[in-house]
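The structure appears below as structure tokens.
A short reminder: the numbers here are calculations on the coordinates, not readings from a lab. This structure is a prediction, so every number in the text was calculated from the model and none was measured. Glycine gets a Cβ as well: all are built from the backbone with ideal geometry, and neighbour counts include every protein chain shown.
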Amino acid sequence: MAWIRWVRQSVHASCFALATLFATASIAHAQVPLIVVSVTELDFGKLMGSASGGTVNLTDGGVRTTSGGVTGVDLDYFAVEIEIMGTPNAKYVFDEPRKVPLAHPTGGASIEIRAVDCNPNKRGTLDTTGRATIRCGGALVVPASPLAGLYASTVFIDFDYK
């Protein structure tokens with residue numbers, strides 16, 4: 001059996017429409033730039049693989065379950081939490097990747113996160129103070145007899161708002 005540790009993923013945001021100007025007759029409205037902050041990063045925790053492989057599911061609420069030949073061996077795992085701030089009551093959309101490959105530091109192995117799921121899903125509205133929280137989890141597919149070590153990746157999530 002091999003010990004495997006998935007490093008927290010860095011979440012970056014590419015922001016579009018940073019300062020959009022709307023004009024109606026002689027009235028102009030400037031939109032506040034969208035600010036995106038990663039509060040917690042995706043971390044599946046320390047896992048033990050086996051000859052049969054398996055799956056680790058981490059919900060957007062931070063609940064981890066394992067199936068197949070994978071066992072979670074610690075309580076140090078986190079779903080992604082992203083805070084976004086901008087114009088109050090503005091609508092936003094975002095696009096997260098459906099699959100994310102995680103690389104071993106030696107480059108000799110990779111593992112894949114499949115089915116990244118966020119809440120809310122793809123779109124929402126900032127509250128009256130101009131804030132919203134997005135939480136994401138995913139399903140990690142662990143191959144049979146995985147190479148022990150730290151697997152990591154950088155994930156880009158694109159945001160747009162109006």
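Along its principal axes, what span do the Cα atoms of region 45-95 show, with the longest given first and each in whole Å?
In descending order, the Cα extents are 51, 20, 11 Å.
Give the long-range amide H neighbours of residue 40: residues separated by 5 or more places, or on another chain, with amide H under 5 Å away, using H modelled in the peptide plane at 1.01 Å from N.
So residue 40 has HN proximity to 81.
Could you list 96, 41, 83 in order of exposure, starting from the residue whose Cβ has the fewest other Cβ atoms within 10 Å?
Values: 96 20, 41 16, 83 13.
Ordered by Cβ neighbours within 10 Å, fewest first: 83, 41, 96.
Can you tally the net charge around residue 91? Count Lys and Arg as +1, Asp and Glu as -1, for every other residue whose Cβ sits under 9 Å from the Cβ of residue 91.
Net charge around residue 91: +2.
Just rank 158, 76, fewest to most, by other beta-carbon atoms within 10 angstrom.
Lowest count first: 76, 158.
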